[in-house]
2 protein chains.
Amino acid sequence: MEIKVLKNVLIKNNAIGNDNRLLFYKHNIFTLNIMSSPGAGKTTLLENSLEYLNNKYKTAVIEGDLYTSRDAERLAPYNIPIVQINTDGGCHLDARMIHGALQSLDLNKINLLVIENVGNLVCPASFDLGEHIKVLVYSITEGADKPKKYASMFSNVDAVLVNKIDLASICNIDLEQVCNEIREINPKGELFKIAANNRNTLHEWLSWLDKKAEEIITQGNKK
Amino acid sequence: MEIKVLKNVLIKNNAIGNDNRLLFYKHNIFTLNIMSSPGAGKTTLLENSLEYLNNKYKTAVIEGDLYTSRDAERLAPYNIPIVQINTDGGCHLDARMIHGALQSLDLNKINLLVIENVGNLVCPASFDLGEHIKVLVYSITEGADKPKKYASMFSNVDAVLVNKIDLASICNIDLEQVCNEIREINPKGELFKIAANNRNTLHEWLSWLDKKAEEIITQGNKK
């Protein structure tokens with residue numbers, strides 16, 4: 001019964017996700033959905049990626065949070081359009097929320113849209129927002145056993161950013177073992193080792209994002 | 001529509017939660033629901049609390065996990081009854097799952113039941129399992145801004161265990177500021193600063209648990 005309800009919710013969600021995808025295609029916007037546990041480093045990653053991204057793309061951000069606008073406030077200095085979605089306790093962003101938020105953006109003036117999802121390593125994995133790629137930020141402070149424990153998230157993303165690698169030794173984490181487990185679960189996904197608060201560790205991630213963005217944006221331009 | 005569905009789910013859940021509560025009362029079992037983000041330290045807390053608890057109580061554990069039995073395996077050396085619930089991707093434990101797990105335990109032979117919930121700082125807060133107290137393990141590596149961002153969890157528990165305090169300075173966390181924000185959101189809740197991997201930091205937590213357990217178990221004995 002509950003499973004049926006969830007299936008109906010997901011079918012409806014995916015239909016609206018497709019509408020979003022068409023909108024992104026029509027307006028030639030590359031869209032990225034960033035997910036993680038609470039406090040794994042999504043906003044810090046954005047803070048240290050946005051200067052680079054703003055130089056190359058017309059960027060906007062949709063911020064998901066249960067109640068506050070704390071993350072949006074942290075990104076305010078970058079002078080880009082930011083739309084805050086408060087889920088009022090809800091555990092994930094869904095396609096309808098994104099569809100609503102898009103009404104607040106001038107889609108003709110952006111070509112990169114970053115969606116920062118609610119901090120949750122379970123539910124957001126099930127909800128297609130119409131994005132082109134899904135990215136997981138995984139903090140090694142959460143322990144080396146998490147990839148298989150949260151396999152639906154780890155297996156379902158285009159890239160895993162293994163974050164806070166500077167804390168690996170103090171947390172007794174064998175980084176290679178963690179990476180091997182991630183590769184086992186998600187052999188096709190990209191894997192980046194980063195410390196989101198250190199821009200020097202973000203080059204590979206940003207280059208990969210560039211490649212992905214350029215594929216999409218160029219494809220759109222051809223139309 | 002979706003909200004209506006959720007309300008129905010919660011009404012049904014709470015009815016079964018009450019059945020569980022009656023069972024716990026009837027069998028004089030003190031029950032504890034431990035929640036947190038992924039990797040905040042629930043299992044490590046249990047590993048370092050169980051020796052003490054086993055000396056005082058007849059303890060059993062219900063382990064919630066999406067797919068694996070990794071946490072249950074970590075607790076196997078303590079030689080206590082452990083029931084593993086795999087939610088198959090589900091984001092929380094509910095009262096029905098606990099009711100099912102209770103069938104696998106000899107309730108006449110235990111007086112302390114510890115439930116380790118699925119790692120998720122959002123959904124488990126909404127589901128009454130019939131437990132006597134709810135406890136949140138919050139790792140300071142998740143950042144100082146989390147209490148207000150995840151207010152439904154922080155405000156809804158009997159105690160917050162602020163964990164990994166040994167990493168506070170390396171993570172640039174002002175521990176007092178974090179504690180003040182927690183107290184603001186949950187003025188009645190207990191607050192313990194711990195490093196779950198260091199038993200010397202667990203005395204206050206265990207004493208408090210003793211007091212709570214003894215209240216319940218004594219009440220039961222009077223009947």
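Figures for the structure shown
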read-out	value
Residue in region A:60-69 that is buried (at least 22 other Cβ atoms within 10 Å of the Cβ), among the small types (Gly, Ala, Ser), modelled with pLDDT of 95 or more and within 27 Å of residue A:151 (Cα to Cα) present	yes
Selected residue [within 9 Å of another protein chain (Cβ to nearest Cβ), touching a residue at least 60 places away in the same chain (Cβ under 8 Å) and within 22 Å of residue A:205 (Cα to Cα)] from A:131, A:142, A:116	A:142
Residue B:136 being in contact with a Phe, Trp or Tyr (Cβ under 9 Å, 6 or more places away or on another chain) and away from chain A (no Cβ under 14 Å)	no
Qualifying positions in region A:145-167 - within 12 Å of chain B (Cβ to nearest Cβ) and small (Gly, Ala, Ser)	A:151, A:152, A:155
Residue, nearest to the other protein chains (Cβ to nearest Cβ), within region B:119-128, restricted to residues that are in contact with a helix residue (DSSP H, G or I) (Cβ under 6 Å, 6 or more places away or on another chain) and not in a helix (DSSP H, G or I)	B:121
Members of region B:17-43 found to be surrounded by fewer than 20 Cβ atoms within 10 Å (Cβ to Cβ) and either under 16 Å from the mean Cα position of the chain (by Cα) or in a helix (DSSP H, G or I) (or both), listed by number	B:18, B:19, B:21, B:22, B:23, B:25, B:26
Test: residue A:174 is closer than 19 Å to residue A:33 by Cβ, of a type in the set (Asp, Glu), touching a residue at least 12 places away in the same chain (Cβ under 8 Å) and away from chain B (no Cβ under 11 Å)	no
Restricting region A:35-44 to residues that are out of contact with any Leu (no Cβ under 7 Å at 6 or more places or on another chain) and under 18 Å from residue A:158 (Cβ atoms), the residue that is farthest from the other protein chains (Cβ to nearest Cβ)	A:42
Some residue of region A:132-140 being crowded, with 18+ Cβ neighbours inside 10 Å, part of a loop (DSSP other than H, G, I, E, B), at pLDDT 95 or above and basic (Lys, Arg)	no
Some residue of region A:102-115 being modelled with pLDDT of 95 or more, assigned to a helix (DSSP H, G or I) and within 16 Å of the chain's Cα centre (by Cα)	no
So residue A:58, is it over 17 Å from the mean Cα position of the chain (by Cα), under 23 Å from residue A:214 (Cβ atoms) and charged (D, E, K, R)	yes
Single unsatisfied condition, residue A:151 versus (1) under 24 Å from residue B:89 (Cα atoms); (2) small (Gly, Ala, Ser); (3) surrounded by fewer than 17 Cβ atoms within 10 Å (Cβ to Cβ)	(3)
Criterion (modelled with pLDDT of 95 or more and part of a strand (DSSP E or B)) met by exactly one of B:178, B:162, B:157	B:162
Complete set of residues in region B:47-93 that are part of a helix (DSSP H, G or I), more than 14 Å from chain A (Cβ to nearest Cβ) and out of contact with any strand residue (DSSP E or B) (no Cβ under 6 Å at 6 or more places or on another chain)	B:48, B:49, B:50, B:51, B:52, B:54, B:55, B:56, B:76, B:77, B:78
Residue under evaluation residue B:217, criteria (1) out of contact with any Pro (no Cβ under 6 Å at 6 or more places or on another chain); (2) touching a residue at least 60 places away in the same chain (Cβ under 8 Å); (3) under 17 Å from residue B:34 (Cα atoms), criterion not met	(3)
Failed item, numbered, when residue A:110 is tested on (1) surrounded by 24 or more Cβ atoms within 10 Å (Cβ to Cβ); (2) farther than 24 Å from residue A:121 by Cβ; (3) not aromatic (Phe, Trp, Tyr)	(1)
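Okay, residues lined up against (1) modelled with pLDDT of 95 or more; (2) over 22 Å from residue A:123 (Cα atoms):
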site: A:6; (1), (2): no, no
site: A:16; (1), (2): yes, no
site: A:23; (1), (2): yes, yes
site: A:88; (1), (2): no, no
site: A:100; (1), (2): yes, no
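The values are calculated or read from the model by the stated rules, or taken from the named source; none is laboratory data. If you're wondering where the values come from, they're calculated on a predicted model, not measured in any experiment. Note that we place each Cβ from the backbone using ideal geometry, even for glycine, and neighbour counts take in every protein chain shown.
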